[in-house]
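Novice: This is the structure I have questions about; it appears just below.
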Amino acid sequence: MVEIEDQILTGLTKNENIADILEDDELINILDDSKRTKDDIKVRMKESEITEKEIDRTRELFRPVSFRAAVLFFAIIDLATIDPMYQYSLQWFANLFGSAIDNSPKSQDPPTRIKNLNDFFTLRLYENVCRSLFEAHKLMFSLILTVKILFGDKKMDPDEWRYFLAGPTGQFDIPPNCTDWLGDLEFNEMYKQLAGAGKLEKLAGIEKFFIEHHKEFQVIFDSTEPQNIPLPGEWEGKLDYFQKMIIIKAVRPDKISLAVQNYVTMKIGKQFIEPPTFSIAKSYKDSSVTIPLIFILTAGSDPVSDFQRFAEEMNMSKKYDAISLGRGQDKKAMNCISENAGRGGWALLMNCHLATSFMPKLERTVDALDDSNHRDFRLWMTSMPSATFPVPVLQNSVKMTIEPPSGLK
């Protein structure tokens, strides 16, 4: 359009009067072309407006997917308060979300597609985060995911959740022990828990019911599976399972983890209480030249043998260098990274928690890694949980927890 305007201006300036303009066939043709172009632009603008409205409608249809993603992101951000190694960046999260969009089951039906996206991404996030959590925190993460999703769907009472976490507060008038199956200390604690629960709307009166029907609570107290025992009287039909968990926590707090497993299974599925088995190969697929891999250690764990076996499987057993960090090892570590980045080898930096002064330099080095390095290069690290480990490195890495075996599955 700009080119046509220039041609019109040129035609007008070279003709001195109106008669010349009217006799200029070239200028008349240019004006005709200009009118047609203008009409085409109007048609395209109308089409663009229609397309934009269709895009907006489609975007609104998929708003539940973005809402679920936002809920899940803030669920994993909170994990950093539990352990300083549990760090996850928005960039890492967005890459995982993009991968879920590409790999989730497709459907032309929007509600089906939305459900597929939400289910696939939630499970994918659980599996990816779980491999970086210690065993003691995995069920807690499952519960956090469940509760965050329920809060997002407005299906969780904040007062009940707060009480489940914090327990009773304030003073309670505890009556004399009326049972023959509880000691005084046990009775006092149980009554206090139930009295606190009785302040919740759906559990009002539970402490009075306990005093009058304590023999029925003994069945729960003596059971090997109290999480599966029906509640006494009308309470079984009156309460949902989360409210039942509050009572289980009061009567049999030692079984609350099993009750949590039941609850997670009911709400989002059994697959969310079955952490994926440890696999270096799966973690390696999510790494790249710029995304390092970190083994998070506990006392008694040693991932080096697993690393060496995997190096053999990948034909890299003669193409990696390992440095045990400590005093005076900074220069060797930097040379190890730069040499392997150039020739496509693997660099293994062991015991990063022992090299506190090296951590700022490590952060700058990892931040400087780019795709100009050899595509086969990988940076591997091992570290005990440490508050000095660079947060940006943790946030944009593939993390794996390594714990010594504690029994048979």
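We did not get these values from a lab; they are worked out from the coordinates using the rules stated. Because the structure is predicted, anything quoted here is derived from the model rather than measured. Every residue, glycine among them, receives a Cβ derived from its backbone with ideal geometry; neighbour counts consider all protein chains shown.
Novice: To the nearest Å, what is the center-to-center distance of segment 104-179 and segment 65-101, using C-alpha atoms only?
Specialist: 15
Novice: Pairs of Cα atoms under 8 Å, at least six residues apart: use those to get the relative contact order of segment 280-402, whole percent.
Specialist: Here the relative contact order equals 43 percent.
Novice: Related question: With an 8 Å Cα cut-off and a minimum separation of 6 or more residues, compute the relative contact order for segment 64-130 in percent.
Specialist: Numbers: 35 pairs, mean separation 21.8, N = 67.
Dividing the mean separation by the residue count of segment 64-130 yields 32 percent.
Novice: Mind pulling the angle between the C-alpha long axis of helix 359-368 and the longest principal axis of the chain? Nearest 10 degrees, somewhere in 0 to 90.
Specialist: Long axis of 359-368 versus the principal axis of the chain: about 40 degrees.
Novice: Now for a different question. Sum -39500 (n - 2.57) across every DSSP H segment of at least 4 residues in the chain, then divide by the residue count to get the 222 nm mean residue ellipticity, nearest 500.
Specialist: Estimated from H runs of four or more residues: -18000 deg cm²/dmol.
Novice: Please state the relative contact order of the chain as a whole percent: Cα pairs under 8 Å, 6+ residues apart?
Specialist: 17
Novice: Mind checking which lysines have their C-alpha under 19 Å from K361, skipping anything on the same chain fewer than 8 residues away?
Specialist: Reachable lysines: K331, K332.
Novice: For the chain, the longest stretch holding no GluC sites (Glu not before Pro) located in a DSSP loop with at most 13 other Cβ atoms within 10 Å is which? Please list the in-between numbers first.
Specialist: Numbers: sites that count: E16, E234.
No qualifying site falls inside 17-233, the longest such stretch.
Novice: Then there is this: Using +1 at the Cβ of each Lys and Arg and -1 at the Cβ of each Asp and Glu in segment 164-273, identify which of I211, A250, I268 lies farthest towards the dipole's positive end.
Specialist: So the residue furthest toward the plus end is I268.
Novice: Can I ask one more? With the crude spin-label approximation of a point 7 Å out along Cα→Cβ, what separation in nm comes out for F67 versus E47?
Specialist: With each label point 7 Å from Cα toward Cβ, the separation is 3.5 nm.
Novice: Another question about this same structure. Using the alpha-carbon atoms, what tilt in degrees (0 to 90, nearest 10) does helix 330-343 show relative to the longest principal axis of the chain?
Specialist: 50
Novice: With a/c under 1.5 counting as rounded, go ahead and sort segment 280-402 into rounded, prolate or oblate using the C-alpha gyration tensor (a ≥ b ≥ c being the square roots of the eigenvalues; past the cut-off, prolate if a/b is larger than b/c, else oblate). Before the final figure, lay out the partial values.
Specialist: On the way: a/c = 1.35, a/b = 1.11, b/c = 1.22.
Because its axes are fairly even, with a/c under 1.5, segment 280-402 counts as rounded.
Novice: Are any of the pairs K148/K199; K199/K244; K115/K244 more than 18 Å apart by Cα-Cα distance, and if so, which? The partial results should precede the final answer.
Specialist: Working: K148/K199 24 Å; K199/K244 15 Å; K115/K244 29 Å.
Where the Cα-Cα span goes over 18 Å, the pairs concerned are K148/K199; K115/K244.
Novice: How do 318-330, 373-385 rank on mean C-beta neighbours within 10 Å, highest first?
Specialist: Per-residue mean Cβ counts within 10 Å order the peptides as 373-385, 318-330.
Novice: Still on this model: Using only Cα atoms and rounding to the nearest 10 degrees, what angle (0 to 90) does helix 63-77 make with the longest principal axis of the chain?
Specialist: With both axes taken from Cα atoms, the answer is about 60 degrees.
Novice: Segment 184-238 to segment 311-389: how many Å between their Cα centroids?
Specialist: When both Cα centres are located, 56 Å separates them.
Novice: Can you match volume of the Cα convex hull per residue in Å³ to one of these, (1) 215; (2) 273; (3) 166, based on a calculation from the structure here?
Specialist: Recomputing volume of the Cα convex hull per residue in Å³ here picks out (2).
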